[in-house]
1. Would you be able to say whether some residue in the stretch B:69-79 is crowded, with 19+ Cβ neighbours inside 10 Å, outside any helix (DSSP H, G or I) and more than 21 Å from the chain's Cα centre (by Cα)?
2. Does C:Arg102 meet the test of being basic (Lys, Arg), outside any helix (DSSP H, G or I) and surrounded by 15 or more Cβ atoms within 10 Å (Cβ to Cβ)?
3. Restricting the stretch C:114-133 to residues that are over 15 Å from B:Thr247 (Cα atoms) and hydroxyl-bearing (Ser, Thr, Tyr), which is farthest from the other protein chains (Cβ to nearest Cβ)?
4. Kindly indicate whether any position in the stretch C:18-27 is among the β-branched types (Val, Ile, Thr), free of Cβ contacts under 8 Å to residues at least 12 places away in the same chain, out of contact with any Asp or Glu (no Cβ under 7 Å at 6 or more places or on another chain) and part of a helix (DSSP H, G or I).
5. Any idea which of (1) buried (at least 24 other Cβ atoms within 10 Å of the Cβ); (2) under 20 Å from A:Ser151 (Cβ atoms) is the one A:Val242 doesn't satisfy?
6. State whether one or more residues within the stretch B:148-171 are farther than 29 Å from C:Phe17 by Cβ, within 12 Å of chain C (Cβ to nearest Cβ) and either part of a helix (DSSP H, G or I) or out of contact with any Ser or Thr (no Cβ under 6 Å at 6 or more places or on another chain) (or both).
7. Give the stretch C:238-257 a look and list any residue that's in contact with a helix residue (DSSP H, G or I) (Cβ under 8 Å, 6 or more places away or on another chain), more than 11 Å from chain B (Cβ to nearest Cβ) and part of a helix (DSSP H, G or I), or say none.
8. Yes or no: C:Ala94 outside any loop (DSSP other than H, G, I, E, B), within 14 Å of another protein chain (Cβ to nearest Cβ) and within 30 Å of B:Ile181 (Cβ to Cβ)?
Amino acid sequence: MTGDGFAASQTAAAAGEHGLSRSPQTRRPLVAQAPSASARPTKAARRVRLEGLDAYYGDNHALRGLDLEFEPNKVTAIIGPSGCGKSTMIRCINRMHEEIPGARAEGKVCLDQVDVYDPSVNVVAVRRAIGMVFQKPNPFPTMSIFDNVASGIRLSGASRADLRDRVERALRGAGLWDEVKDRLAEPGIGLSGGQQQRLCIARTMAVDPEVLLMDEPCSALDPIATLKVEELLADLKQRVTVVLVTHNMQQAARVADSTAFLLDGELVEVGATDEMFTQPKDSRTEDYVTGKFG
Amino acid sequence: MEAHVATPGGAPSIFEGAPGARAADRVFRSVLTALALGILALIVFFFVFLVVKANPALSRFGIFGFTFNNDWDVSRSTYGAWPLLVGTLITSGIALIIGVPVAIATALYINELCPRRLRGPLTVLVELLAAVPSVVYGLWGFLVLVPKLKGAQQSLADTFGFLPFVGGHVAGPSYFIAGLILAIMILPIVSAISREVMSTVPADHKEAALALGATRWEMIRTAVLPYSRSGVVGGAMLGLGRAIGETIAVTLVVGNAPQIGKSLFDQGYTLAAVIVNEFGEAATDRLHTGALIAAGLVLFVLTLLVNAAARALVSRAERRQRATGGAVPAGAAAAARVGA
Amino acid sequence: MTALPVISARRRRTDLFARGVFAALTLVAIVPLVLIIYYILDKGLGAISWHFLSTDPTGNFLGDPGGVKSAILGTLEIVLIATALAVPIGIGVALYLVEFGRGTVLGGVVRYFVDVLTGVPSIVFGLFIYTGLVVTHTLGSFAGWKGAVALALLMLPVVTRSAEVVLILVPDSLREAALALGAPRWRVVARVVLPSALTGLITGGLLAVARAAGETAPLIFTMGSTLPTNFDPFKQMNSLPVQIFNDVGQAQDRLVTRAWGAALTLVAMILILTLIARTLARRSRLT
């Protein structure tokens, strides 16, 4: 399952298969068609759709009527200048936004058919299905490497028997296993920054989420650690839908199937990544990607 | 800023060039330093005086004999502080067992669970417990709690009589009532320190737990409690130090019987209580006065040990969090607020 | 089929149960405060009258027990003297710690001793003064000023600690800005550091006063007790806490009622001080 990620994205790009679009009819269902073994996701992930999403911090209207769709098993990058609402948007998807005092969100965030803001929905289940990796690596400081990865699995009371297997699988999936397999009992905060971030990815993936939200996951990492995380993304999207907030346009260009540009809490443009960077439709996008502001 | 803090005195070289100002500053600095040194000297002086005045009793019974002899009898001029020490430990122990879980629960509820609007009011209410004077707790305990709880104590003693240290006839005042009052009195300090330490848990860790799909309680268990454990233990020990030294309230409700009670519902005595009660009659008896002052010394040393351990725990917990920034540890602010 | 995993009933129950327990225990923590305030109001309000506030306790076994005038005035005077001693010294020590003592050995030792003092039981302060000043008959035997010194010792660590907390918050950039203009350090402290920390310092002082005003044990050993009003701090004085303590143990209803009334007076004084301090503290945090 590892190793063929880049091939997959290249195939997809070559086929003109742009993960994200606002016109669903142009999208071909990847799983049903299964063009080749290498492009087939190992697990069909779920689609995320934002409908008329508004977010507030107290009186501050941070997101204004966002409509956006994230294709399953694709990496969608969210770019935009600081304060444009990127992080707010991503935190609305798994309802972490509401953890901030005074913050609230209105509108719909649908995971396939289910609106995660529906009153009947349990917020814990939402976060279980939609994992999140944060800007700063945040392994639990009191826990070992193993316990960090196991922490999510333990919450759901999974059988203890296959805990070790699942931890190993998660660490392998995060490309960390070979580096830490001999020191699983050591504290997670003893790792380097890049390793910590991959540990957090392993921790998130260990509970088998449908969607992976990444809020500027590389902004605290050095270039080499960044590259490792970016390589991982190609593998990860075989199993989950990835939403990646980044302030680094090169990163978006490198890893994202499609890209959305946010400005002042509004969606300016969304489309296939290469189009966004080569022939943007909106002049504001053009100004931003060519470095005129931001 | 870091470099500036590290410089002793922190005086930048800029004003080295102004000689008049330098002289005035030297005076300023000397005065403040003398003040600080004076405080140290004063404490040492008082401590030495205590030892000198306690000497008649200590030399008669020996430090060891005075502390560990189970025999305090004024009529025979025999002073062994063991029953008092045990009483102090029993009442403080009860206070910890009852007070600490409530205090921690309060801290968790206020910090992590309660609606935001309730936060401020609840904090004030809990910390107002620290504003009630000891003698008022004593008054309330003696005139309300002791008579009202006599029946409850008796039925507790009867129901759980099969347990060790429970049972027998309940007179009213008891270790248990004293412990209960102490529990209420240490609640604000333990709660304040716990809250302060828990609020140093980085939002990162709490969000990590929540984003993994943890419920509130699971988030508390995975992120908040492990991180703040040593600080909370330190807070509990500060509470213990407080309970050990508490005097007037305990004096009024513990029963003042100078022997070790057989049950938690028996009457007993504590180090602090004996000093208050016998101090008047002892005035003309050097041995008796010495014994009371020696009891004060034992109390002093006991609280020093407990507090030193507590401070070490709290500051370790804070250092881990505030390795940078050079701010005064959070616990100090909390301690100052509730007068610990 | 729903896209969301099922959260087991056991986990949801545990969560609800834990929240319930914490909420309930918080309620339990507040019950004693409510009860105490209820009883003090219930039993004490009846005792309070102009007569109660304006007459000294008579000490008569029969007839009119008198009020608590001397106790109120005594408490006010003693606490005032204690404050006048403890606040300047406490702030001075805090200034030393913040301005000169950072990172020095002496600074560390002094801070440690202040911490130690914070944990010393109030009765031990009483014994300090008793052995150091009363037994030695320094300027007389039991006297008001000795009680004040005991209270000042008790207040000192509270004042120092809270002052240190606010003084250290004064940004170094502010100090450096003034120093860079060539101002001597003492003037920087007087003109810049102290004024910008003023609210915080007052708050700390008030909290220390509130703590000292309710203390009983140190006064018993140092001030003695006397019934008539006495403003001379070199003689024995009465105080509210000691008055309450002496009245509680009496079997007479009238004295017990006086104790409740005195308790109400004392708690009201302390609560007002505490609330003022908290309001100030909140305001200083906001600005």
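1. Yes, the stretch B:69-79 contains a residue that is crowded, with 19+ Cβ neighbours inside 10 Å, outside any helix (DSSP H, G or I) and more than 21 Å from the chain's Cα centre (by Cα).
2. Numbers: basic (Lys, Arg): yes; outside any helix (DSSP H, G or I): yes; surrounded by 15 or more Cβ atoms within 10 Å (Cβ to Cβ): yes.
Taking the combined requirement at face value, the residue satisfies it.
3. Looking only at the stretch C:114-133, we keep the residues that are over 15 Å from B:Thr247 (Cα atoms), and these are C:114-118, C:128-133.
Pick out the ones that are also hydroxyl-bearing (Ser, Thr, Tyr) and you get C:118, C:130-131.
Numbers: C:Thr118: 6, C:Tyr130: 8, C:Thr131: 4 Å.
Filtering the stretch C:114-133 for residues that are over 15 Å from B:Thr247 (Cα atoms) and hydroxyl-bearing (Ser, Thr, Tyr), the one farthest from the other protein chains (Cβ to nearest Cβ) comes out as C:Tyr130.
4. Looking for residues that are among the β-branched types (Val, Ile, Thr), free of Cβ contacts under 8 Å to residues at least 12 places away in the same chain, out of contact with any Asp or Glu (no Cβ under 7 Å at 6 or more places or on another chain) and part of a helix (DSSP H, G or I), one finds at least one in the stretch C:18-27, hence yes.
5. Answer for A:Val242: the failing condition is (2).
6. Looking for residues that are farther than 29 Å from C:Phe17 by Cβ, within 12 Å of chain C (Cβ to nearest Cβ) and either part of a helix (DSSP H, G or I) or out of contact with any Ser or Thr (no Cβ under 6 Å at 6 or more places or on another chain) (or both), one finds at least one in the stretch B:148-171, hence yes.
7. C:Leu255
8. no
The values are calculated or read from the model by the stated rules, or taken from the named source; none is laboratory data. Everything numeric here is computed off the predicted structure, so don't read it as measured data. Counting neighbours? That spans all protein chains shown, and the Cβs are built from the backbone with ideal geometry, glycine included.
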